[in-house]
1. Considering only the range 269-312, how many residues are in contact with a Phe, Trp or Tyr (Cβ under 9 Å, 6 or more places away or on another chain), surrounded by fewer than 18 Cβ atoms within 10 Å (Cβ to Cβ) and among the basic types (Lys, Arg)?
2. Among the residues of the range 125-150, write down those that are in a loop (DSSP other than H, G, I, E, B) and away from ligand 1 (no atom under 15 Å from the Cβ).
3. Could you grab me the full set of residues in the range 186-198 that are surrounded by fewer than 22 Cβ atoms within 10 Å (Cβ to Cβ) and either among the hydroxyl-bearing types (Ser, Thr, Tyr) or not in a loop (DSSP other than H, G, I, E, B) (or both)?
4. So which residues in the range 22-81 are near ligand 2 (Cβ under 10 Å from one of its atoms) and either closer than 15 Å to THR95 by Cα or among the basic types (Lys, Arg) (or both)?
5. Output the residue which, of all residues in the range 1-21 that are closer than 22 Å to VAL321 by Cα and assigned to a loop (DSSP other than H, G, I, E, B), is farthest from ligand 2 (Cβ to nearest atom).
6. I'd like to verify a number: residues in the range 65-89 that are under 14 Å from GLU53 (Cα atoms) and within 16 Å of ligand 1 (Cβ to nearest atom), how many?
7. Quick check: is even one residue across the range 52-64 surrounded by fewer than 19 Cβ atoms within 10 Å (Cβ to Cβ) and at positive phi?
Amino acid sequence: MLVDKFGRQITYLRLAVTDRCNLRCTYCMPAEGIVYEKRKDILTYEEMLFLVECFVELGVTKLRLTGGEPFVRKDFVQFLVKLNAINGLEEINITTNGTLIAKHLDKLKSLKKINAINLSIDSLNKEKFSQITRRDSFETVFETLNLLLEKGFKTKLNVVMIPNVNTNEIKDFIELTKEKNIAVRFIEEMPFNGVGKRKEAEVWDKTKIYSEIKNNYTSIIALKSEKSSTSNNYKIENYKGIFGIIPAYTRTICGGCNRIRITAKGQFKLCLFDDGILNLRPFLRQNASKEDLKLLFYKLIDNKPKNGFEAEKQRKKTIEVSESMSTIGG
Ligand code: SAM
Ligand code: SF4
């Protein structure tokens with residue numbers, strides 16, 4: 001088992017299968033995009049499978065596939081089929097921008113371990129959606145949302161709170177939960193955008209997001225969540241769905257963290273805010289055995305920082321976070 005020095009057991013791996021994306025969300029990358037890793041430096045699916053198997057043998061039961069946009073990578077669905085067959089892995093979740101997934105939904109439905117699909121949709125207004133993503137995919141993504149529900153997927157919506165852009169849509173998103181059995185999650189914006197902190201922006205942290213909701217509703221019910229939950233969850237009385245606030249930047253959820261990450265190029269991350277503690281690719285390409293790797297992970301886990309602030313302080317390359325979320329996996 002992987003247990004860190006604060007007694008937190010690691011059961012959840014987030015794996016970025018690519019750093020490439022077909023959208024250009026303003027909070028994630030600059031308009032011209034980012035410099036992608038060379039293809040040869042991205043882990044192969046075989047290497048990723050090997051790593052997932054190692055972690056499952058060390059007690060990981062839950063996997064999230066993310067990116068970049070996972071469905072941009074060729075043969076991603078075949079990769080999911082292989083992951084679905086790993087003994088001991090209980091749950092596979094996917095985070096996607098929803099532009100390319102629709103034609104795969106029946107196949108995904110047949111894979112029993114696929115549990116939840118997190119769909120990123122930051123506006124319910126077509127023009128604003130284009131402004132945020134710098135692409136015109138609103139109809140496709142909204143249609144995907146309806147398809148996901150029709151086909152019975154557990155569906156969560158990721159909504160990054162962008163000051164002066166979509167914060168006036170909080171109520172519209174909550175109103176979606178009236179009839180739809182979905183979980184809408186409002187995410188604090190972080191400076192993972194390829195540039196760094198925006199100076200002029202108003203801060204929409206969890207307190208401000210909650211007070212905006214409180215101004216609009218009198219019947220908010222606080223829900224009990226698992227200790228490792230990344231969101232504080234609520235619902236409006238008699239609404240079918242729920243909503244949550246993800247304090248991604250305030251980092252008040254670190255105490256229950258059960259997560260580790262691997263980036264597309266094989267960087268092992270113990271925290272979203274660290275800058276990668278070791279690149280696993282050379283180990284994989286020099287044919288390290290599962291036993292070698294498991295021993296390595298067992299030792300590395302001791303370095304998991306107490307929280308995201310500690311992780312940020314210990315960064316080696318750039319002190320302030322500024323890398324694109326597309327390279328680290330959200
Ligand atoms: N392309 C997929 C998508 O957008 O869902 C998966 C990768 S994306 C990096 C994963 C999640 O990170 C998305 O929900 C996205 O909104 C979120 N994200 C990206 N940049 C962010 C930032 N600077 N602050 C907060 N969340 C961010
Ligand atoms: Fe692409 Fe997702 Fe980043 Fe948007 S948030 S640019 S969809 S990786």
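1. 3
2. Of all residues in the range 125-150, those in a loop (DSSP other than H, G, I, E, B) come to 125, 134-137.
Of everything in the range 125-150, those that are in a loop (DSSP other than H, G, I, E, B) and away from ligand 1 (no atom under 15 Å from the Cβ) turn out to be ASN125, ASP136.
3. GLU188
4. Across the range 22-81, the qualifying residues are ASN22, LEU23, ARG24, CYS25, CYS28, THR66, GLY67, GLY68, GLU69, PRO70, VAL72.
5. Of everything passing the filter in the range 1-21, VAL17 is farthest from ligand 2 (Cβ to nearest atom).
6. Qualifying residue count, the range 65-89: 2.
7. The answer is yes, given that some residue of the range 52-64 is surrounded by fewer than 19 Cβ atoms within 10 Å (Cβ to Cβ) and at positive phi.
Conditions tested, residue by residue: (1) under 28 Å from ARG20 (Cβ atoms); (2) open to solvent by 30 Å² or more (accessible area, probe 1.4 Å).
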site	(1), (2)
THR177	no, no
ILE213	no, no
ILE220	no, yes
THR250	no, yes
CYS257	yes, no
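The values are calculated or read from the model by the stated rules, or taken from the named source; none is laboratory data. Since the model is a prediction, treat every value here as computed from it, not as a measurement. Virtual Cβ from ideal backbone geometry, glycine too; neighbours counted across all protein chains shown. What goes into the accessible areas is simple: the full protein's heavy atoms, side chains included, and nothing from ligands, DNA or RNA. Shrake-Rupley method; radii C 1.70, N 1.55, O 1.52, S 1.80 Å.
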